[in-house]
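The values are calculated or read from the model by the stated rules, or taken from the named source; none is laboratory data. These figures come from a predicted structure and were not determined experimentally. Glycine gets a Cβ as well: all are built from the backbone with ideal geometry, and neighbour counts include every protein chain shown.
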Amino acid sequence: MYKYVKDKLDHSYTQTVPNGQTLSTNEIPQEEIEIREMIEAWYVSGYRPLIGEDRVFEQYCCAQSLASIEGDWESRSKQQKTTRIQRLEQTLVEICRHRVYFAALTRFLSGLQDSSVKERLENVLSLAKASWTKPKLH
């Protein structure tokens, strides 16, 4: 079905995904393209201003698109940066409550080297998974 994924709900790739390249819907599911874009925005506007750069992550992710996310994130107060990353991570948790997005983020993280970026995003997955057993409030 896709070059790197057999099924949208798979938690691993069928072969190694190239680093730092924009991928198409022929290569990975649309939901993974979307989650990758969300992670890039989380990193640029939440993680990097509060915690700092992670060169390994930037090379793994689509480095060329990181500069296109606009905003004056660095000039915000520490409290504003903390609030921003918490809100972004809560949004990711809500999105990853959907199993297709959960699988997409799991696959994405499978190729990422251990780092504080990976640790934070694995926490997002843990929170999303924990919410599967809780009733959804509408």
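Worth pointing out:
- Matching residues in segment 96-114 - criterion: being buried (at least 19 other Cβ atoms within 10 Å of the Cβ) and among the hydrophobic types (A, V, I, L, M, F, W, C): C96, F102, A103, A104, L105, F108
- Flag if E58 is within 19 Å of E119 (Cβ to Cβ), at pLDDT below 95, out of contact with any Asp or Glu (no Cβ under 8 Å at 6 or more places or on another chain) and not in a helix (DSSP H, G or I): no
- Residues of segment 20-36 that turn out to be in contact (Cβ under 8 Å) with a residue 24 or more places away in the chain and surrounded by 14 or more Cβ atoms within 10 Å (Cβ to Cβ), as a count: 8
- Among the candidates V93, V117, V100, V124, residue that is more than 19 Å from I51 (Cβ to Cβ) and of a type in the set (A, V, I, L, M, F, W, C): V100
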